[in-house]
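Undergrad: Attaching a single structure in C-alpha coordinates format; questions to follow.
The values are calculated or read from the model by the stated rules, or taken from the named source; none is laboratory data. Given the structure is predicted, the values throughout are model-derived calculations rather than measurements. SASA here: full protein model, heavy atoms, side chains in, ligands and nucleic acids out. Shrake-Rupley method; radii C 1.70, N 1.55, O 1.52, S 1.80 Å.
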Amino acid sequence: MIDWNLVAFLIFPYLCLAIFTLGHLYRYLKDPYHWNARSSELLEKEGLRYGSVIFHYGVVLTFVGHFGGLLIPQVVFDQFGIHGQLHTRIAIILGMVFGGAAFIGICLLLWRRLSIDRVLAHSSIMNLTTSILLLLTIGIGTYNVFFGHFYVLDTVAPWIRSIITLSPEPKLMAIVPISYKLHILSAFTLFAISPFTRLIHIWSVPIPYLFRNYIIMRKRTMEL
(Lines give C-alpha, C1' and ligand atoms only; values in the text may rest on other atoms or scores of the structure.)
Protein backbone atom coordinates (compact mmCIF):
# COMPACT_ATOMS: atom_id res chain seq x y z
CA MET A 1 0.00 0.00 0.00
CA ILE A 2 1.27 3.46 -0.89
CA ASP A 3 2.08 5.73 2.04
CA TRP A 4 0.65 9.00 0.69
CA ASN A 5 1.92 10.98 3.65
CA LEU A 6 5.45 9.85 2.74
CA VAL A 7 4.91 10.74 -0.91
CA ALA A 8 3.40 14.14 -0.15
CA PHE A 9 5.78 15.28 2.57
CA LEU A 10 9.04 13.58 1.69
CA ILE A 11 9.28 12.76 -2.01
CA PHE A 12 7.19 15.63 -3.41
CA PRO A 13 8.99 18.48 -1.54
CA TYR A 14 12.44 17.29 -2.61
CA LEU A 15 11.26 16.79 -6.19
CA CYS A 16 9.90 20.35 -6.25
CA LEU A 17 13.06 21.79 -4.71
CA ALA A 18 15.22 19.93 -7.24
CA ILE A 19 13.17 21.31 -10.15
CA PHE A 20 13.27 24.76 -8.53
CA THR A 21 17.06 24.75 -8.25
CA LEU A 22 17.96 23.13 -11.57
CA GLY A 23 15.22 24.98 -13.45
CA HIS A 24 16.40 28.41 -12.34
CA LEU A 25 20.00 27.52 -13.10
CA TYR A 26 19.03 26.36 -16.59
CA ARG A 27 16.96 29.48 -17.30
CA TYR A 28 19.75 31.75 -16.08
CA LEU A 29 22.39 30.08 -18.25
CA LYS A 30 20.33 29.27 -21.35
CA ASP A 31 17.61 31.92 -21.49
CA PRO A 32 18.88 35.10 -19.79
CA TYR A 33 17.07 37.49 -22.16
CA HIS A 34 13.67 36.29 -20.99
CA TRP A 35 14.53 36.63 -17.31
CA ASN A 36 11.90 39.24 -16.54
CA ALA A 37 8.39 39.77 -15.24
CA ARG A 38 6.90 40.26 -18.71
CA SER A 39 4.82 43.09 -17.34
CA SER A 40 1.56 43.97 -19.04
CA GLU A 41 1.74 47.56 -17.82
CA LEU A 42 1.96 48.92 -21.35
CA LEU A 43 -1.34 47.23 -22.18
CA GLU A 44 -3.23 48.62 -19.19
CA LYS A 45 -1.79 50.59 -16.31
CA GLU A 46 -4.61 51.84 -14.11
CA GLY A 47 -5.86 48.43 -12.97
CA LEU A 48 -2.31 47.26 -12.27
CA ARG A 49 -1.42 50.09 -9.93
CA TYR A 50 -3.26 49.10 -6.77
CA GLY A 51 -3.39 45.33 -7.20
CA SER A 52 0.34 45.02 -7.88
CA VAL A 53 1.40 47.16 -4.93
CA ILE A 54 -0.95 45.45 -2.46
CA PHE A 55 0.00 42.00 -3.74
CA HIS A 56 3.75 42.49 -3.66
CA TYR A 57 3.85 44.08 -0.21
CA GLY A 58 1.56 41.36 1.13
CA VAL A 59 3.53 38.50 -0.40
CA VAL A 60 6.97 39.79 0.60
CA LEU A 61 5.95 40.45 4.21
CA THR A 62 4.11 37.13 4.40
CA PHE A 63 7.21 35.35 3.14
CA VAL A 64 9.37 37.11 5.73
CA GLY A 65 6.88 36.07 8.42
CA HIS A 66 6.95 32.46 7.26
CA PHE A 67 10.74 32.48 7.16
CA GLY A 68 11.15 33.88 10.65
CA GLY A 69 8.25 32.10 12.28
CA LEU A 70 8.81 28.62 10.91
CA LEU A 71 12.54 28.29 10.28
CA ILE A 72 13.69 29.78 13.59
CA PRO A 73 13.24 27.17 16.35
CA GLN A 74 10.81 28.04 19.13
CA VAL A 75 13.59 27.77 21.74
CA VAL A 76 15.09 30.93 20.24
CA PHE A 77 11.83 32.82 20.72
CA ASP A 78 11.60 31.46 24.26
CA GLN A 79 14.87 33.19 25.09
CA PHE A 80 13.15 36.52 24.34
CA GLY A 81 10.05 35.71 26.35
CA ILE A 82 7.92 34.85 23.31
CA HIS A 83 6.34 31.54 24.29
CA GLY A 84 4.56 29.30 21.84
CA GLN A 85 1.04 30.63 22.39
CA LEU A 86 2.18 34.25 22.06
CA HIS A 87 4.19 33.35 18.97
CA THR A 88 1.08 31.78 17.46
CA ARG A 89 -1.10 34.81 18.25
CA ILE A 90 1.44 37.16 16.67
CA ALA A 91 1.66 34.93 13.59
CA ILE A 92 -2.14 34.87 13.25
CA ILE A 93 -2.50 38.64 13.53
CA LEU A 94 0.31 39.35 11.06
CA GLY A 95 -1.00 36.63 8.77
CA MET A 96 -4.43 38.25 8.75
CA VAL A 97 -2.93 41.60 7.77
CA PHE A 98 -0.24 40.56 5.29
CA GLY A 99 -1.93 37.42 3.99
CA GLY A 100 -5.18 39.32 3.60
CA ALA A 101 -3.36 42.01 1.62
CA ALA A 102 -1.73 39.41 -0.64
CA PHE A 103 -5.10 37.74 -1.21
CA ILE A 104 -6.83 41.00 -2.10
CA GLY A 105 -3.92 41.89 -4.38
CA ILE A 106 -3.94 38.63 -6.31
CA CYS A 107 -7.74 38.83 -6.67
CA LEU A 108 -7.41 42.31 -8.19
CA LEU A 109 -4.63 41.17 -10.51
CA LEU A 110 -6.48 38.07 -11.66
CA TRP A 111 -9.67 40.05 -12.23
CA ARG A 112 -7.70 42.56 -14.30
CA ARG A 113 -6.15 39.79 -16.37
CA LEU A 114 -9.52 38.14 -17.05
CA SER A 115 -11.70 41.22 -17.50
CA ILE A 116 -9.55 43.39 -19.76
CA ASP A 117 -9.54 42.03 -23.30
CA ARG A 118 -6.09 43.29 -24.29
CA VAL A 119 -4.45 41.83 -21.19
CA LEU A 120 -6.29 38.52 -21.55
CA ALA A 121 -5.35 38.26 -25.22
CA HIS A 122 -1.65 38.54 -24.32
CA SER A 123 -1.88 36.13 -21.38
CA SER A 124 -0.36 32.71 -21.86
CA ILE A 125 -1.71 29.52 -20.33
CA MET A 126 1.22 29.61 -17.92
CA ASN A 127 0.32 33.19 -16.87
CA LEU A 128 -3.21 32.14 -16.03
CA THR A 129 -2.07 28.92 -14.34
CA THR A 130 0.40 30.84 -12.18
CA SER A 131 -2.20 33.43 -11.17
CA ILE A 132 -4.77 30.77 -10.28
CA LEU A 133 -2.22 28.75 -8.32
CA LEU A 134 -1.16 31.90 -6.44
CA LEU A 135 -4.80 32.60 -5.66
CA LEU A 136 -5.25 29.04 -4.40
CA THR A 137 -2.10 29.04 -2.26
CA ILE A 138 -2.67 32.47 -0.75
CA GLY A 139 -6.40 31.87 -0.35
CA ILE A 140 -5.92 28.64 1.61
CA GLY A 141 -3.21 30.25 3.73
CA THR A 142 -5.47 33.21 4.48
CA TYR A 143 -8.30 30.85 5.36
CA ASN A 144 -6.00 29.05 7.78
CA VAL A 145 -5.02 32.19 9.70
CA PHE A 146 -8.63 33.34 9.97
CA PHE A 147 -10.30 30.01 10.70
CA GLY A 148 -7.67 27.28 11.13
CA HIS A 149 -5.67 28.27 14.21
CA PHE A 150 -3.78 24.98 14.26
CA TYR A 151 -0.66 24.92 16.44
CA VAL A 152 2.10 24.49 13.86
CA LEU A 153 5.16 24.94 16.08
CA ASP A 154 5.31 21.24 16.98
CA THR A 155 4.40 19.90 13.54
CA VAL A 156 4.71 22.02 10.41
CA ALA A 157 7.62 24.15 11.63
CA PRO A 158 9.94 21.28 12.64
CA TRP A 159 8.93 19.38 9.49
CA ILE A 160 10.02 22.29 7.28
CA ARG A 161 13.32 22.55 9.18
CA SER A 162 13.83 18.81 8.78
CA ILE A 163 13.38 19.11 5.02
CA ILE A 164 15.92 21.92 4.81
CA THR A 165 18.47 20.15 7.00
CA LEU A 166 18.11 16.95 4.92
CA SER A 167 16.81 14.98 7.89
CA PRO A 168 13.14 14.69 6.85
CA GLU A 169 10.46 13.71 9.33
CA PRO A 170 7.26 13.31 7.28
CA LYS A 171 5.49 11.67 10.22
CA LEU A 172 5.19 15.11 11.80
CA MET A 173 2.64 16.03 9.12
CA ALA A 174 0.32 13.08 9.77
CA ILE A 175 -1.98 14.97 12.19
CA VAL A 176 -1.92 18.31 10.37
CA PRO A 177 -5.36 19.46 9.08
CA ILE A 178 -6.04 19.04 5.38
CA SER A 179 -6.25 22.79 4.72
CA TYR A 180 -2.69 23.26 6.01
CA LYS A 181 -1.49 20.32 3.93
CA LEU A 182 -3.08 21.76 0.79
CA HIS A 183 -1.47 25.13 1.47
CA ILE A 184 1.95 23.51 1.78
CA LEU A 185 1.57 21.27 -1.29
CA SER A 186 0.34 24.15 -3.47
CA ALA A 187 3.25 26.30 -2.27
CA PHE A 188 5.75 23.59 -3.25
CA THR A 189 4.01 23.30 -6.62
CA LEU A 190 4.62 27.03 -7.09
CA PHE A 191 8.28 26.48 -6.31
CA ALA A 192 8.43 23.75 -8.95
CA ILE A 193 6.83 25.77 -11.77
CA SER A 194 8.46 29.10 -10.93
CA PRO A 195 11.55 28.61 -13.18
CA PHE A 196 9.22 28.33 -16.17
CA THR A 197 7.00 31.31 -15.36
CA ARG A 198 7.24 35.05 -14.81
CA LEU A 199 7.87 34.28 -11.12
CA ILE A 200 11.58 34.11 -11.93
CA HIS A 201 11.70 37.89 -11.56
CA ILE A 202 11.70 37.47 -7.76
CA TRP A 203 15.48 37.04 -8.12
CA SER A 204 15.73 40.43 -9.79
CA VAL A 205 14.31 42.50 -6.95
CA PRO A 206 16.11 45.88 -7.20
CA ILE A 207 17.42 45.83 -3.62
CA PRO A 208 20.49 48.01 -4.51
CA TYR A 209 18.06 50.83 -5.29
CA LEU A 210 17.32 51.05 -1.56
CA PHE A 211 20.94 51.93 -0.83
CA ARG A 212 22.00 53.94 -3.87
CA ASN A 213 22.95 57.60 -3.55
CA TYR A 214 20.35 60.21 -4.23
CA ILE A 215 20.32 61.73 -7.70
CA ILE A 216 20.79 65.44 -7.30
CA MET A 217 18.95 67.48 -9.87
CA ARG A 218 20.32 70.99 -10.45
CA LYS A 219 18.26 73.61 -12.15
CA ARG A 220 20.04 75.38 -14.97
CA THR A 221 19.92 79.14 -14.56
CA MET A 222 19.94 81.58 -17.43
CA GLU A 223 23.05 83.70 -17.68
CA LEU A 224 22.44 87.42 -18.10
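Undergrad: Can you tell me the length gained on complete extension of the stretch Leu6 to Thr21, counting 0.36 nm per residue apart and subtracting the Cα distance? The partial results should precede the final answer.
TA: Details: separation 15, 0.36 × 15 = 5.40 nm, distance 2.19 nm.
Using 0.36 nm per residue and subtracting the Cα-Cα distance, I get 3.2 nm.
Undergrad: Any chance you could give the angle, 0 to 90 degrees and rounded to 10, that helix 84-94 forms with the longest Cα principal axis of the chain?
TA: Value to nearest ten degrees: 30.
Undergrad: Using a 1.4 angstrom probe and counting only protein chains, how large is the accessible area of Lys171 in Å², to 10?
TA: 140
Undergrad: With semi-axes √(5λ) of the Cα gyration tensor in Å in mind, check (i) 35, 24, 14; (ii) 39, 21, 16; (iii) 35, 23, 19 and report the label derived from this structure.
TA: This structure yields the entry labelled (iii).
Undergrad: By its C-alpha gyration tensor, with a ≥ b ≥ c as the square roots of the eigenvalues, how is the range 80-130 shaped: rounded for a/c under 1.5, else prolate for a/b larger than b/c, else oblate?
TA: Working: a/c = 6.84, a/b = 3.65, b/c = 1.87.
It is prolate, given that a/c is not under 1.5 and a/b is the larger ratio.
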